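The values are calculated or read from the model by the stated rules, or taken from the named source; none is laboratory data. This structure is a prediction, so every number in the text was calculated from the model and none was measured. Please note: Cβ atoms are built from the backbone with ideal geometry, for glycine as well, and neighbour counts cover all protein chains shown. Surface accessibility is based on the protein's heavy atoms, side chains included, excluding ligands, DNA and RNA. Shrake-Rupley method; radii C 1.70, N 1.55, O 1.52, S 1.80 Å.
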Number of protein chains: 4
Amino acid sequence: MIITVKKGYRIEHVADILKKISDLGGKAEVVNGHEQITISILGKTEKIQVTEFQSFAQIEYVFRVSKPFKLAEKRDQLQHSTVRVKGVEFSSENFIIMAGPCSVESEDQTLRIARAVKKAGANVLRGGVFKPRSSPYSFQGLGLEGLKILALAAKETGMPIISEAMSERDLNMMMDYVDIIQIGARNMQNFSFLKVLGTTNKPVLLKRGPSATIEEWLMSAEYILSGGNSQVMLCERGIRSFDSQYSRNVLDLGAVPILKSLTHLPVIVDPSHGTGYRNLVAPMALAGMASGADAIIVEVHDRPHEALSDGPQALLPSDFSELMVKVRKLATVMDRKLIAESVKPVAS
Amino acid sequence: MIITVKKGYRIEHVADILKKISDLGGKAEVVNGHEQITISILGKTEKIQVTEFQSFAQIEYVFRVSKPFKLAEKRDQLQHSTVRVKGVEFSSENFIIMAGPCSVESEDQTLRIARAVKKAGANVLRGGVFKPRSSPYSFQGLGLEGLKILALAAKETGMPIISEAMSERDLNMMMDYVDIIQIGARNMQNFSFLKVLGTTNKPVLLKRGPSATIEEWLMSAEYILSGGNSQVMLCERGIRSFDSQYSRNVLDLGAVPILKSLTHLPVIVDPSHGTGYRNLVAPMALAGMASGADAIIVEVHDRPHEALSDGPQALLPSDFSELMVKVRKLATVMDRKLIAESVKPVAS
Amino acid sequence: MIITVKKGYRIEHVADILKKISDLGGKAEVVNGHEQITISILGKTEKIQVTEFQSFAQIEYVFRVSKPFKLAEKRDQLQHSTVRVKGVEFSSENFIIMAGPCSVESEDQTLRIARAVKKAGANVLRGGVFKPRSSPYSFQGLGLEGLKILALAAKETGMPIISEAMSERDLNMMMDYVDIIQIGARNMQNFSFLKVLGTTNKPVLLKRGPSATIEEWLMSAEYILSGGNSQVMLCERGIRSFDSQYSRNVLDLGAVPILKSLTHLPVIVDPSHGTGYRNLVAPMALAGMASGADAIIVEVHDRPHEALSDGPQALLPSDFSELMVKVRKLATVMDRKLIAESVKPVAS
Amino acid sequence: MIITVKKGYRIEHVADILKKISDLGGKAEVVNGHEQITISILGKTEKIQVTEFQSFAQIEYVFRVSKPFKLAEKRDQLQHSTVRVKGVEFSSENFIIMAGPCSVESEDQTLRIARAVKKAGANVLRGGVFKPRSSPYSFQGLGLEGLKILALAAKETGMPIISEAMSERDLNMMMDYVDIIQIGARNMQNFSFLKVLGTTNKPVLLKRGPSATIEEWLMSAEYILSGGNSQVMLCERGIRSFDSQYSRNVLDLGAVPILKSLTHLPVIVDPSHGTGYRNLVAPMALAGMASGADAIIVEVHDRPHEALSDGPQALLPSDFSELMVKVRKLATVMDRKLIAESVKPVAS
């Protein structure tokens, strides 16, 4: 961390700053230039915030040099974490496909869709039972009943399950039924909940908040990691922009190579929420893969008119199968392995 | 709600749409124009989402005409709710000033600042004990110890207390100590928590999320209102923009007259978080008042260098007293009453 | 400007950087710390861009310390430029009101509205004759015919005229008719045109681009100033945000105190384009004034249904008169002088 | 276009609205529902703006149903325009690569880079001679001298030239030297200039403004098309977001499939300006191609430290060659043809 002091400073003001650095546990090195004093803070500066110094009138600028996310940060460019869930490995060598309905609506609906996505090559089944809806009057999810349906689908298809938790209460209910806990965009900075997640041993897929910076997102991952849970994955799901006429969000695929250079955690793309419209999902799934993502998570529904949530963005099973054909070709270009048992045809 | 059907439609597709409307409990009225079919949905459409229809390929557009926030919506332009807290009335006739430190740091610090803001004319004391920090390594608040300090300050100064809750656990702890529960920007769409807040009888100040639309914000208020708690106030605290070089957020004061025209709930402005820098706080507090707000909430600290959070945006007690001089003058221009007992000079 | 070099650097790489600084005309001062090398660039760094160094792999960070807008920058907090136009002084002591129709539509319409705003207390008449419209099929303005109408209105009311130029061709036509050249938001970074404006001696009101940062805006002013034209004023007119349901733009009033602290140029607020809806204009005009602006520019139309552009945001003359009553009261609170001859009642 | 009238309307207000529609050349169809009046406007509504009606107090909502960009709009999903430039065809079947330095700096630099990109497989040479720089003190381009250098490079390599024009003056100078006129993001809504471009017969690459909506962008294309120039191509180059710490812009690749469904014009991606950092360019070039773009435009420099503009985002010739290897493989997956003579190895 580097501090520059305004011209015309007084020695006692510099002494105040040095005292503050010492109080915060830092070690200061003062550089007395011709026109300007520069103070470098050495040591474990990730626990020192830039804002600690902003109230000193004599300070001109404070710059952070080291990254504030020590556990999420890559130590070298070859460091990549692997998250393993019932035989599915999220890593920088594989390409994993998660698919399923937005909401679990009934046993019949969930099993139908689970079979279809499994057959087309999906590795993990997604399905929401606790739904974050903008309106209190919208369908809020089936809760425990939905979890039991997901367990049936897991048993039949052999796929691990990913589903969203919105609170500690949901989480407790889900522990026996769900393999990956999804944290939605609106809870990305629900810090109390992130602390609870840090104490579990479940893999967590942390979606990016609709206006979260890359650094804020990594700091939220840091909350979970610093609690002791090392199985965190990051999911880009679209950011909020000034234009929502033709797309619900702007899928920020540039975040993929940025994250791959900053962190060792797996990076996932959600082209369904990232766009909000069916016809955009397949192009953006492929684009996400080409940008370097380790996995995609896609919504599929065989009767979108009847879907209780997000029907417009659901791929039909036939669209999903077509997408999988291109995914297989693109995997070769990108040097990624698809998981074999999933992609070989299953007898219907 | 109005639906337009694409040219070249087939009758059976229109029949599908009419069935969906009926399934959702709506009443359809079909208008057969020369070139286009238009369907109006009548009845209680606030429970019907625009998205329910987006998966019908034959539908061109779906427009909502009525507002989806029935309880928060103004029935007529003269409807204004009043929230009363220990003799302090948030209403469209008064102008209320809430002030205090960002964080409760110690008994001495809190009492010093509480006395100073009381003397200058504040009506409600603010102070955080559960702190939403981007970094897990930053100061997280004093918790219960902080609540006890706030209770002491309330007793000595007679001011009611506002403080932030981040979880149900915090909320339970706060019920005996705090008069207004603040919900921070990052929890505005923590729907599980909003539902819990709906079951309490405490006034809630709901801050706007950093990228929440006006409608999403009112829908979050609707979560609390529909749970049975009618004492909700809305607080504009700055939105995220493309430029954070000179201001942490963009304080969206246009939201004030918009909200005053849409909802009967009191509207409050936070110029401290809305800007992030001390020198911008007073101009934006006055601008907030001129835009029609019912109250402001301002951070004050007498030793900002030592503040454990947000020092750069804290007014000094002397700055706050100067601001209050202008607030008094502006109150006359805006036809607002300041609460008498607070503003009369208190002997030091 | 300060450069930090990555750990594990090689001396020859530091030498490359020093050569580049020297090539750019800067003077380098190297500070060799325990863990890190820091290089300060002294001298006229406003001509050196941060980006010049970003391609050196060995450089970790480049920070600019001095401001890149030398001519627009305040040398001390008391420096305020005054722009004088036919007896109207834009300064930090006055408060100036510019008003008139969005577009000049006819002689009758313009004279009617000019008389009405003059009577209510306006100091400068606004009216567009070259219109920047998103659609090529919309009304594009009356051009020269409109300029002649403005000249008539100026002659009758004595008010100076402000009108928008979109190109050098427009500008040449306007020189004899218009007193202040307005540059619209969409041309804020039309650098070729800004250079031309720098060579004229006309006052220029430079509107902020819809997504321009404060610094980009000041750099655009710098283009005009560095060409030799010192009469530049800055006008905040709303920025683009993620929510346009109830407001066309977000009026960024925080920009007013920021600009007043960074630059000596007069700062103006446009609450009409800043919101886009009539009912928001008066609250935001007052809020703009309370935030510290030196002037406002407001659209007024007596028959908004017939307006050829922006009818929804035009105040009626009666609304404008009511606003002026509050403006007068607020001027006292803000220690601003209104120009006497305008505000005294004119016999109708 | 559909208008809904507020409950409690009076017949004379509806009559006013009908008169306005008639004045604008539209044909109204009134639908008298139980609770609400709806008016449909039939006929050529692209010349009627939604805003024309917003000043009627009795109107509740105005919705546009048809698209306002008649010439840019696709008539059917198979309509794709082709732009031909000296044997290079921008179409939905080919994939075109434009590459070269950000700025033309010298004959030697330009020829060196031109040869390198030609050899690696580029089809069109890019190079700026009129540079839009935020600072008036930055390098502004070589102007006419640069155009002559580009002509030499074109002659030697056989590649057509694309270069940016910032004004009518630039354009006139460029007509004999340049094959495709690039309009930069900051001039996307320089309507006076767009009109001039409409009168030429040169292909135009129209970059998206940093905060332009898809519809505004297409309306700017419509300005050129409606002037008589049908050779317009659209280039996504990144939009402005709330986070610029690790990327200069957010490359909105979702815009690619959106545009391909709305318009017949070719769609191009600029991963260099879209990200601003070298290490992000190749992943985003591939992602752009996977999203369905018809071409990419990439900055290449062999001595980025010495580049007079945008060094940090320039690929080295070796990076560009590596990217081209993947582009060739991806072209097969995407069913796109690369232009044969360019991609076959050229003897060095």
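For C:Lys195, indicate whether it is in a helix (DSSP H, G or I), modelled with pLDDT of 95 or more and assigned by TED's automatic domain parsing to the domain that holds C:Met173. Yes.
Taken over region C:208-230, the criterion of being touching a residue at least 60 places away in the same chain (Cβ under 8 Å) and within 22 Å of B:Arg248 (Cα to Cα) is satisfied by C:Glu215, C:Leu218, C:Met219. Across region D:290-306, what is the total count of residues that are modelled with pLDDT under 85 and of a type in the set (Lys, Arg)? Residues in region D:290-306 being modelled with pLDDT under 85 and of a type in the set (Lys, Arg): 0 in total. Inside region D:210-219, residues that are more than 15 Å from D:Ile268 (Cβ to Cβ) and in contact with a strand residue (DSSP E or B) (Cβ under 9 Å, 6 or more places away or on another chain) make up a count of 3.
All conditions but one from (1) surrounded by 14 or more Cβ atoms within 10 Å (Cβ to Cβ); (2) closer than 27 Å to C:Val267 by Cα apply to C:Tyr9; the one that does not is (2).
With respect to C:Val333, is the statement that it is at the interface with another protein chain (Cβ under 8 Å from one of its Cβ atoms) and either over 20 Å from the mean Cα position of the chain (by Cα) or open to solvent by 10 Å² or more (accessible area, probe 1.4 Å) (or both) true? Considered against the rule, which asks whether it is at the interface with another protein chain (Cβ under 8 Å from one of its Cβ atoms) and either over 20 Å from the mean Cα position of the chain (by Cα) or open to solvent by 10 Å² or more (accessible area, probe 1.4 Å) (or both), C:Val333 comes out as yes. Considering region C:35-141, the qualifying strands (runs of 3 or more DSSP E), each wholly inside and each with 2 or more residues that are at pLDDT 95 or above, run over C:83-85, C:88-90, C:96-100, C:124-126. Scanning region C:184-223 for residues that are small (Gly, Ala, Ser) and touching an Asp or Glu at 6+ places or on another chain (Cβ under 9 Å) turns up C:Gly184, C:Ser192, C:Gly209, C:Ser211, C:Ala212. Taking region A:173-189 as the region of interest, how many residues are part of a loop (DSSP other than H, G, I, E, B), open to solvent by 10 Å² or more (accessible area, probe 1.4 Å) and within 13 Å of another protein chain (Cβ to nearest Cβ)? So the count comes out to 1. Going by the structure shown, is A:Asp170 among the charged types (D, E, K, R), more than 18 Å from A:Val300 (Cβ to Cβ) and either assigned to a helix (DSSP H, G or I) or at the interface with another protein chain (Cβ under 9 Å from one of its Cβ atoms) (or both)? The answer is yes for A:Asp170. Got at least one residue in region B:315-336 being assigned to a loop (DSSP other than H, G, I, E, B), within 30 Å of A:Val62 (Cα to Cα) and of a type outside the set (Val, Ile, Thr)? Yes, that holds for at least one residue.
Please enumerate the residues belonging to region A:229-286 that are acidic (Asp, Glu) and more than 7 Å from chain D (Cβ to nearest Cβ). Across region A:229-286, the qualifying residues are A:Glu236, A:Asp270. Selection within region C:1-34: residues that are under 24 Å from A:Met1 (Cα atoms) and hydroxyl-bearing (Ser, Thr, Tyr). The member of this set that is modelled with the lowest pLDDT is C:Tyr9.
Among the residues of region C:307-318, is there at least one that is at pLDDT 95 or above, within 14 Å of chain D (Cβ to nearest Cβ) and open to solvent by less than 10 Å² (accessible area, probe 1.4 Å)? Within region C:307-318, one or more residues are at pLDDT 95 or above, within 14 Å of chain D (Cβ to nearest Cβ) and open to solvent by less than 10 Å² (accessible area, probe 1.4 Å).
The single condition among (1) farther than 22 Å from C:Leu259 by Cβ; (2) over 13 Å from the mean Cα position of the chain (by Cα); (3) at pLDDT 95 or above; (4) surrounded by fewer than 24 Cβ atoms within 10 Å (Cβ to Cβ) that B:Glu216 does not satisfy is (2). Residues of region B:69-88 being open to solvent by 50 Å² or more (accessible area, probe 1.4 Å), touching a residue at least 24 places away in the same chain (Cβ under 8 Å) and of a type in the set (D, E, K, R), which ones? Residues satisfying the conditions are B:Lys70, B:Arg75, B:Lys86.
For region B:51-68, does any single residue satisfy the condition of being more than 13 Å from chain A (Cβ to nearest Cβ), among the basic types (Lys, Arg) and surrounded by fewer than 20 Cβ atoms within 10 Å (Cβ to Cβ)? No, region B:51-68 contains no residue that is more than 13 Å from chain A (Cβ to nearest Cβ), among the basic types (Lys, Arg) and surrounded by fewer than 20 Cβ atoms within 10 Å (Cβ to Cβ). Name the single residue, out of those in region C:192-207 being open to solvent by less than 10 Å² (accessible area, probe 1.4 Å), without any contact (Cβ under 8 Å) to a residue 40 or more places away in the chain and aliphatic (A, V, I, L, M), that is nearest to C:Ser244 (Cα to Cα). The residue in question is C:Leu206.
Could you go through region A:92-112 and let me know if any residue there is of a type in the set (Val, Ile, Thr) and in contact with an Asp or Glu (Cβ under 6 Å, 6 or more places away or on another chain). Checked region A:92-112: no residue is of a type in the set (Val, Ile, Thr) and in contact with an Asp or Glu (Cβ under 6 Å, 6 or more places away or on another chain). For the criterion of being open to solvent by 40 Å² or more (accessible area, probe 1.4 Å), touching a residue at least 60 places away in the same chain (Cβ under 8 Å) and assigned by TED's automatic domain parsing to the domain that holds D:Glu222, D:Glu93 passes. Please work out which residue is nearest to A:Ala314 (Cα to Cα), limiting yourself to region A:220-255 and to residues that are part of a helix (DSSP H, G or I) and open to solvent by 10 Å² or more (accessible area, probe 1.4 Å). The selected residue is A:Leu225.
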